[in-house]
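A.B. asks: If you scroll down you'll find the structure; I have some questions about it.
Derivation of every value follows stated rules applied to the coordinates shown; laboratory data play no part. None of these values were measured; they are calculated from a predicted model. Virtual Cβ from ideal backbone geometry, glycine too; neighbours counted across all protein chains shown.
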Amino acid sequence: MDVTIIGCGYVGLVTGVCLASMGHNVRGVEKDQRKLATLQRGDCPIFEPGLHDLLTETMKNGGISFTDNVKQAVKEAEVVFLCVGTPPKADGTVDMSFLEGAGKEVCDALAELKNEWLVTIVVKSTVPCGTNRKLYNFLKEQVPGAHYAVVSNPEFLKEGTAVQDCLNPDRIVIGGESPEAFRMMRRLYDPLIKREDHFMTMNWESAELTKYAANSMLAARISFMNELTVLCEHYGADIEEIRKGIGTDSRIGPAFLRAGCGYGGSCFPKDVAAMEHISKAAGYESLFVHAIQTINANQKKRFAEKIATKLGRPVQGATIAIWGLAFKADTDDIRESASIDVIKYLIERGATVRAHDYKGMENMRAYLKEYADQIEWSADPVTAAAGADAIAICTDWPQYTTLPFRKIAATMNQPIIFDGRNCLHRDVMRENGFQYYPMGRPPVEKELRLKSRV
Ligand code: NAD
């Protein structure tokens with residue numbers, strides 16, 4: 001089928017490349033000229049495992065191409081995906097300007113097209129309830145004779161495993177009112193549908209709310225576990241044991257029960273905040289959704305405070321190695337990452353930060369440019385730790401677990417690790433002479449002799 005993707009960010013690019021790999025003829029529209037030039041060269045503007053190879057392969061066989069010409073791309077399509085960003089505004093409500101802009105461009109194209117065949121416009125961006133209906137009515141008003149349908153198709157992929165998630169979806173949710181458009185979407189996704197009941201059709205509002213509900217539920221599980229770390233640390237319980245103890249209950253299940261120094265990313269924080277505003281707009285104050293966010297913000301702060309209180313010396317003048325900047329492993333996305341809160345907290349109290357990440361360095365360097373003088377960017381974690389007063393782990397990159405810890409301890413001013421992701425083994429830390437502070441787990445504490453600073 002002829003498919004146009006408007007917005008080639010994380011979601012649009014992964015969707016476009018995966019659809020092309022399934023044999024569809026895909027045109028990606030991107031208005032950011034730098035990103036567009038990168039894509040037209042066959043390079044990936046983002047890091048996502050497997051994406052670059054699939055992009056190369058699909059570009060080579062002509063399955064996907066990139067342009068900034070929306071009108072032309074829409075005119076050639078049966079299915080038009082809107083994959084533009086819906087970032088949060090300062091007050092937590094959703095910034096709809098990109099979606100409105102893209103909707104207007106589709107509208108102009110439809111006005112010129114005068115098509116006889118059905119053009120299905122697919123809203124993949126995460127949008128508040130009522131958006132798809134509004135878009136449908138806007139088009140009906142602006143281009144009364146046009147033959148089109150609007151469907152909501154929320155995306156559930158996870159950064160870091162986006163290609164795998166896109167090619168192996170748990171379910172495909174389609175919201176709308178047009179049986180013809182439902183059939184078109186069923187045909188589009190046919191190679192991915194392994195069980196008929198995993199292709200779900202519903203009304204627009206249900207599909208829109210499904211996306212917010214899913215992310216709020218997942219964030220709630222994390223926040224609940226994070227809240228439990230406070231009790232664990234007080235009573236001497238171990239959150240990892242509790243995770244196993246409750247995760248094996250078939251009513252609960254094991255997913256999203258890992259405690260840490262707070263969730264981040266481009267989705268959970270903004271979608272949970274949006275859920276709160278969606279509730280407010282309905283005249284309902286959601287105490288639950290509000291609590292998820294408060295606990296998350298507190299957890300990031302609690303981690304930073306733990307570093308300050310257990311450091312054994314004033315933060316002022318200390319050097320702290322931050323291992324991990326991306327909001328999670330296997331991505332270069334640093335949006336709302338816990339590391340941002342921790343770095344700012346430490347720098348504002350007079351520390352020097354040595355930052356390391358396997359993929360997110362460039363993005364963080366651009367994001368924290370006003371802190372440039374207080375941050376040293378380290379090419380590897382071992383260098384970051386040398387001479388430091390502590391290491392704080394903010395991202396669970398698996399590479400951090402297999403480092404030469406004995407050597408690292410010997411080069412540090414004082415061998416302390418604050419493990420915000422519980423990714424290291426307590427016994428390994430003890431054996432290698434570290435004072436070790438995980439989240440919600442008994443620490444490894446001992447007398448440390450401060451080395452004299454050179
Ligand atoms: P993104 O910011 O990475 O990408 C959006 C892209 O759209 C940008 O490259 C931007 O330049 C482009 N764009 C904006 N307006 C355009 C226009 N008129 N024409 C052409 N290009 C345009 O955003 P993202 O992370 O891919 O998210 C997109 C949507 O998907 C959001 O609503 C988000 O909430 C949702 N979502 C994201 C994820 C995720 O993991 N990133 C997962 C599920 C859902």
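A.B. asks: Among the listed pairs Lys134/Lys270; Lys31/Lys280; Lys140/Lys194; Lys140/Lys270, which have their C-alpha atoms separated by more than 27 angstrom in this model?
C.D. replies: Check vs 27 Å cut-off fails for Lys31/Lys280; Lys140/Lys194; Lys140/Lys270.
A.B. asks: If one takes the longest principal axis of the Cα atoms in the chain, at what angle in degrees, from 0 to 90 and to the nearest 10, does the Cα axis of helix 268-281 lie?
C.D. replies: 60
A.B. asks: Can I ask one more? Can you compute the helix-only [θ] at 222 nm over the chain? Use -39500 (n - 2.57) per DSSP H run of at least 4 residues, normalise by all residues, nearest 500 deg cm²/dmol.
C.D. replies: Taken over the chain, the calculation gives -13500 deg cm²/dmol.
A.B. asks: Distance between the C-alpha centers of segment 74-88 and segment 17-48? Whole Å please.
C.D. replies: 13
A.B. asks: In which sequence would Glu348, Glu227 go, from the one with the fewest C-beta neighbours within 10 Å to the one with the most?
C.D. replies: Glu348, Glu227
A.B. asks: Among all cysteines in the chain, which have no other cysteine Cβ under 4.7 Å from their own Cβ?
C.D. replies: Cys8, Cys44, Cys83, Cys107, Cys129, Cys232, Cys261, Cys267, Cys394, Cys423
A.B. asks: For the chain, what value does the Rg/Rh ratio take when both radii are computed over Cα atoms and Rh is the Kirkwood radius, given to two decimals?
C.D. replies: 1.02
A.B. asks: Using +1 at the C-beta of Lys and Arg and -1 at the C-beta of Asp and Glu, which of Pro191, Gly145, His234 has the Cα lying farthest in the positive direction of the dipole of segment 132-252?
C.D. replies: Of the candidates, Gly145 comes out farthest on the positive side.
A.B. asks: Convert each backbone phi in segment 124-135 into a coupling constant with the Karplus relation 6.51 cos²θ - 1.76 cosθ + 1.60 (shift: θ = phi - 60°), then list the ³J(HN,Hα) values in order as whole Hz, x for Gly and Pro.
C.D. replies: The phi angles translate into 8, 4, 7, 9, x, 4, x, 5, 4, 5, 5, 4 Hz.
A.B. asks: Excluding Thr56 itself, calculate the net charge of residues whose Cβ lies under 13 Å from the Cβ of Thr56, where each Lys or Arg counts +1 and each Asp or Glu counts -1.
C.D. replies: Net of charged neighbours comes to -1.
A.B. asks: Students often forget the sequence filter, so: which aspartates and glutamates lie under 12 Å Cα-Cα from Lys124 once same-chain residues fewer than 8 apart are removed?
C.D. replies: Glu155, Glu208
A.B. asks: Give the cross-link partners of Lys60 among the aspartates and glutamates, using a straight C-alpha distance below 13 Å as the criterion and excluding same-chain residues fewer than 8 apart.
C.D. replies: Asp43
A.B. asks: Sorting Trp323, Trp117 on the 10 Å Cβ count, fewest up front, what's the list?
C.D. replies: Result, fewest neighbours first: Trp117, Trp323.
A.B. asks: Nearest 5 percent is fine: what portion of the DSSP beta bridges confined to segment 1-103 is antiparallel?
C.D. replies: Numbers: 1 of 14 bridges.
For segment 1-103, the DSSP antiparallel bridge percentage is about 5.
A.B. asks: Aspartates and glutamates within cross-link reach of Lys89: Cα-Cα under 14 Å, excluding same-chain residues under 8 positions apart?
C.D. replies: Of all the aspartates and glutamates, those that pass the test against Lys89 - Cα under 14 Å, at least 8 places apart if same chain - are Asp271, Glu276, Glu336.
A.B. asks: May I pose another question? Taking the Cα centre of each part, how many Å lie between segment 252-304 and segment 309-340?
C.D. replies: Centre-to-centre (Cα) distance: 20 Å.
A.B. asks: Enumerate the amide H contacts of Thr120 below 5 Å, restricted to partners 5 or more residues apart or on another chain; note that Pro and chain-start residues carry no placed amide H.
C.D. replies: Counting only residues 5 or more places away or on other chains, the set is Val79, Val80, Ala149.
A.B. asks: How many lysine pairs does segment 347-454 hold where the Cα atoms are under 27 Å apart and the two sit 8 or more places apart or on different chains?
C.D. replies: 4
A.B. asks: Determine, for Asp190, Asp332, the number of other Cβ atoms within 10 Å of each Cβ, and report the residues in order from fewest to most.
C.D. replies: Details: Asp190 11, Asp332 20.
Fewest to most other Cβ atoms nearby, the residues stand as Asp190, Asp332.
A.B. asks: Scan around Cys8 for amide H atoms under 5 Å from its own, H built in the peptide plane at 1.01 Å from N, and keep only partners 5 or more places away or cross-chain.
C.D. replies: Here Lys31 satisfy the definition.
A.B. asks: While we're looking at this one, here's another question. Any idea what angle helix 204-235 forms with the longest principal axis of the chain, computed on alpha-carbon atoms, 0 to 90 degrees, nearest 10?
C.D. replies: It is inclined by approximately 10 degrees.
A.B. asks: So, counting K/R as plus one and D/E as minus one, what does the shell of residues with Cβ under 15 Å around Phe268 add up to? Mind dumping the intermediate values first?
C.D. replies: Values: positive: Lys158, Lys211, Arg221, Arg258, Lys270, Lys300, Lys328, Arg335; negative: Glu155, Glu159, Asp271, Glu276, Asp333, Glu336, Asp341.
Overall, the nearby charge balance is +1.
A.B. asks: Using the Cβ atoms and a cut-off under 15 Å, what net charge is assigned to the surroundings of Gly236, where Lys and Arg are +1 and Asp and Glu are -1?
C.D. replies: Around Gly236, the surrounding residues sum to -3.
A.B. asks: List the residues, sorted by chain then number, that are 5 or more residues from Ile172 or on another chain and whose placed amide H is less than 5 Å from its amide H.
C.D. replies: Distant-sequence amide H within range of Ile172: Phe199, Met200.
A.B. asks: Once the Cβ-Cβ distance between Thr383 and Glu348 is put in as r, and R0 is 25 Å, what FRET efficiency do you end up with, to the nearest 0.05? Mind dumping the intermediate values first?
C.D. replies: Numbers: r = 25 Å, r/R0 = 0.98.
FRET efficiency, Thr383 to Glu348: 0.55.
A.B. asks: What list of ³J(HN,Hα) values in whole Hz, one per residue of segment 59-75 in order, does the Karplus curve 6.51 cos²θ - 1.76 cosθ + 1.60 (θ = phi - 60°) give from phi, with Gly and Pro shown as x?
C.D. replies: 5, 4, 8, x, x, 9, 9, 10, 8, 10, 8, 4, 4, 4, 5, 5, 4
A.B. asks: Now for a different question. From the phi angles alone, apply the Karplus equation (6.51, -1.76, 1.60; θ = phi - 60°) to segment 283-292 and give each ³J(HN,Hα) in whole Hz, x where the residue is Gly or Pro.
C.D. replies: Whole-Hz 3J(HN,Hα) from phi for segment 283-292: x, 10, 8, 8, 5, 5, 5, 5, 5, 4.
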